[in-house]
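S.K.: Quick one: the structure is below, and I'll ask about it shortly.
Only the coordinates and a few stated rules stand behind these numbers; no lab work does. Here the structure is a predicted model, which means the values were calculated and not measured. Glycine gets a Cβ as well: all are built from the backbone with ideal geometry, and neighbour counts include every protein chain shown.
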Protein chains: 2
Amino acid sequence: MATIYQVSELAGVSLATVSRVMNKNAKVSEKSTKKVLDAMAALNYRPSSIAQSLASNRTNSVGLMVTGLSGSFFGQMMAGIESTLRKAKKHVIITTGHGEEAREKEGIEFLQSRDCDALIIHVEAVDNEYLIELCNSDIPVYIIGCYVEEIKDHCIALDNELGGYLATKAVLVQGHKNVGYISGPSNKLDSQHRLQGHRRALSEFNINYNDDYVYPGNYLDTGGRDGMRSFMKNKLPITALVCANDEMASGAMTYAREHNLMLPHDLSVVGFDNVIFARHIHPKLTTIENPVYEMGTMAANMVLKNVYQHTDLVIEQEFKPTLIVRQSVAPIQN
Amino acid sequence: MATIYQVSELAGVSLATVSRVMNKNAKVSEKSTKKVLDAMAALNYRPSSIAQSLASNRTNSVGLMVTGLSGSFFGQMMAGIESTLRKAKKHVIITTGHGEEAREKEGIEFLQSRDCDALIIHVEAVDNEYLIELCNSDIPVYIIGCYVEEIKDHCIALDNELGGYLATKAVLVQGHKNVGYISGPSNKLDSQHRLQGHRRALSEFNINYNDDYVYPGNYLDTGGRDGMRSFMKNKLPITALVCANDEMASGAMTYAREHNLMLPHDLSVVGFDNVIFARHIHPKLTTIENPVYEMGTMAANMVLKNVYQHTDLVIEQEFKPTLIVRQSVAPIQN
DNA sequence: TTGTAGGCGTTATCAT
DNA sequence: ATGATAACGCCTACAA
């Protein structure tokens, strides 16, 4: 591989001049510029990004940690981040945290050890103290999917309360009075907020909140199945079911159908997240759009703006969910 | 950030000694070792991976290019790669090729510019000439999902012909005689091979191959829908449908149901790939397991073995698909 | 076992 | 506008 030195030699200029034409950050005469360019082409010169990093103290790479790589939720988030960063010629290094505290911390350290210019993370298990400390360390960190007051400038989040509200309202406006709710893990904030939204919708429609109608799920299809089973076993007269994510909705629907309910006639179902397969399940799932791609894009923009001085970018930190109406909700049957 | 020099100073040894204890590649007295370790801890020293890379000519990072980030197919592939490489403390840098020739080449160049120690790629649009040339360049490349004779040592692939065979056989053994086939794009090798397997199964069951029974799809659910529509419009008496991937199977099933076919009673369907949502669609999809996670793991192992001298790893380059029986295939109705 | 010194390929600060 | 030259933080012969 040719080095900058060889280029300077062939071009008959100093190595400093070569560096200047590469970085376009100083005046170089047209003659010299041409000589350098020719020499570069002749030698098929490619600068060493490693050497550049060492000298400039910038690696042009940002670390990304998500819970897992498969699954369209993180897929879309990564896609937003990658495409944005790629356009800006920044490399993205991925790591997974698997939703476990130890592995999340480990993953973050791994990224830090790599001299990333910034980190974008989506954590699930780590606590706020840790995040606050992390944000005060030397490497810039941006966090997707959480809101912590002390470090709010680093957070990008969805208005989950609104999402929960919209989901439940979608069945209430169809006349349903007995609606079951399968929530996410009760220790997760997004899960709590979605449930709060659910309750707000209920009270807005003058329906009393009843603990029996909410089942604590796990964000997996098994949680949906178990929740549905529980409601049926307890003979709750629900005509509508709101699930805190699409996986659980799918699990619940499968269980319901296996037990001879006609969907959506006998049971209306609403999901949350609008993952890809929501369109594939039957009936097509009415759900809440979670703009993860956009949130990923925005996280990338935050690092571009704050770390790489792309000052013209405008940042938005709270995203709004919207209702996607498909075919899994029917009006109440009389 | 503390440097190795400061550590050496505090420890009262030379910087070479510090380097030695870090890399454990030379004898250092216990006393010195302890002094160094203490100094490191006291200074909270973290080696600069950039400087290490420059000096050692190893970046410990491998580039990964896939078509897209969302979707469980690539998700699982990435997961296999990431987890394997992560255990070996190698960083993975991701890029997307979007299935377009120009963008795939661009992505590969982007990765090369980053001084990766090796590349793992899954391409769809680039031609064999390019791949051969790429394999002869200075950076080691491993290719998932293709088989090219000239560079077979670099390839990891699924036996797609066998997969196609197994898929079709799954309905033939249930007595079906009229089976439609929705293929992938005809210019893609995997698509061609799956179709070949389909034909082999047919001939093994003494069924004449008929062009009218195969619809050229696109690997998207729209292709499945269009294929099903075409078969129905032409009034082909098919009782079973084999699709070259799960997306198309899903699209076809939706269309079939919208046109009053009972599944699987009126139409048996088989997919290919066993992506996550295959379990969510109704009836649960019988399909072909595509061991992408394992293939990703193996690709990672190949770079570990060939680039990082993990000599004990055993490599396997061709993977075998298997049939996953669920509920979308029923015996022929008499 | 330990230390010295040169080199890795750039960037950036001086002079000129 | 251009050219020396010193960083950048580490590895690694080579010497001691």
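S.K.: Only Lys, Arg, Asp and Glu count, each charged at its Cβ (+1, +1, -1, -1), so figure out the dipole size of chain B about its Cα centre, rounded to 20 debye.
M.R.: 1260
S.K.: Also, quick follow-up: Over all residues in A:106-112, what is the mean tally of Cβ atoms on other chains that come within 10 Å of each residue's Cβ?
M.R.: Mean partner shielding for this stretch: 1.
S.K.: Given H placed 1.01 Å from N in the peptide plane, which residues other than close sequence neighbours of A:V141 have an amide H under 5 Å from its amide H?
M.R.: Amide H neighbours of A:V141: A:L119.
S.K.: When you look at the Cβ of every residue in A:66-77, what mean number of other chain Cβ atoms sits within 10 Å?
M.R.: Average per residue, whole number: 6.
S.K.: In nm, what is the difference between 0.36 nm times the number of residues separating B:L313 and B:E101 and their Cα-Cα distance?
M.R.: 73.0 nm
S.K.: Between A:A330 and residues 5 or more places away or on another chain, which pairs have amide H atoms under 5 Å apart, with H built 1.01 Å from N, and which residues are they?
M.R.: Amide H neighbours of A:A330, under 5 Å, 5+ apart: A:S268, A:V269.
S.K.: Here is a further query. Let a ≥ b ≥ c be the square roots of the eigenvalues of the Cα gyration tensor of the range A:4-56; is it rounded (a/c under 1.5), or, if not, prolate (a/b larger than b/c) or oblate?
M.R.: Note, shape of the range A:4-56 comes out oblate.
S.K.: Each residue of the range B:15-32 in turn: what ³J(HN,Hα) in whole Hz from Karplus with 6.51, -1.76, 1.60 and θ = phi - 60°, glycine and Pro shown as x?
M.R.: Going residue by residue, I get 5, 5, 5, 4, 4, 5, 5, 4, 8, 6, 10, 7, 5, 9, 5, 4, 4, 4 Hz, with x marking Gly and Pro.
S.K.: Residue by residue, what Karplus-based ³J(HN,Hα) values in Hz, rounded to whole numbers, does the range B:285-295 have, using 6.51, -1.76 and 1.60 with θ = phi - 60° and x for Gly and Pro?
M.R.: Once rounded to whole Hz, the list reads 7, 6, 7, 9, 6, 10, x, 5, 4, 5, 5.
S.K.: Can you tell me how the protein assembly as shown classifies by the Cα gyration tensor, rounded, prolate or oblate, using a/c under 1.5 as the rounded cut?
M.R.: Taking the square roots of the gyration eigenvalues as a ≥ b ≥ c, the protein assembly as shown is oblate.
S.K.: A follow-up question, please. For B:D211 and A:N23, FRET efficiency with R0 = 60 Å and r from the beta-carbon atoms, rounded to 0.05?
M.R.: The formula returns an efficiency of 0.50 here.
S.K.: Next question, about the same structure. Considering the rotation that carries chain A onto chain B, locate the chain A residue whose Cβ comes closest to its axis and report the distance in whole Å.
M.R.: Residue of A nearest the axis onto B, distance in Å: A:F277, 2.
S.K.: Can you list, shortest first and in nm, the gaps between the label point of A:A88 and those of its counterparts in the other copies, using a point 7 Å from Cα in the C-beta direction?
M.R.: Sorted ascending, the copy-to-copy spacings read 3.2 nm.
S.K.: So how strong a dipole does the protein assembly as shown carry about its Cα centre when Lys and Arg Cβ are +1 and Asp and Glu Cβ are -1, to the nearest 20 debye? Please report the intermediate quantities before stating the final value.
M.R.: Details: 64 positive and 74 negative charges, 9 e Å.
It comes to approximately 40 debye.
S.K.: Hey, another quick one. Is the shape of the range A:160-290 rounded, prolate or oblate, going by the alpha carbon gyration tensor and its root eigenvalues a ≥ b ≥ c, with a/c under 1.5 for rounded and a/b larger than b/c for prolate?
M.R.: Taking the square roots of the gyration eigenvalues as a ≥ b ≥ c, the range A:160-290 is rounded.
S.K.: Please give the FRET efficiency for A:D266 paired with B:Y5, using the beta carbon to beta carbon distance and R0 = 45 Å, rounded to the nearest 0.05.
M.R.: Values: r = 74 Å, r/R0 = 1.64.
Efficiency for this residue pair is about 0.05.
S.K.: Let me ask something additional. With the Cα gyration tensor of the range A:1-141 in hand, give its eigenvalues times 5 under a square root as the equivalent ellipsoid semi-axes, listed largest first in whole angstrom.
M.R.: Values for the range A:1-141, descending: 41, 15, 12 Å.
S.K.: Enumerate the calculated ³J(HN,Hα) couplings along the range A:96-104 in order (Karplus 6.51 cos²θ - 1.76 cosθ + 1.60, θ = phi - 60°), each rounded to whole Hz, writing x wherever the residue is Gly or Pro.
M.R.: These are the phi-based 3J(HN,Hα) values: 10, x, 6, x, 10, 3, 4, 6, 5 Hz.
S.K.: Helix-only estimate, please: 222 nm mean residue ellipticity of chain A, summing -39500 (n - 2.57) across DSSP H runs of length 4 or more and dividing by its residues, to the nearest 500. All intermediate terms of the calculation are to be shown ahead of the outcome.
M.R.: Details: 12 runs with 145 residues, N = 334.
Taking each H run of at least 4 residues, the total per residue is -13500 deg cm²/dmol.
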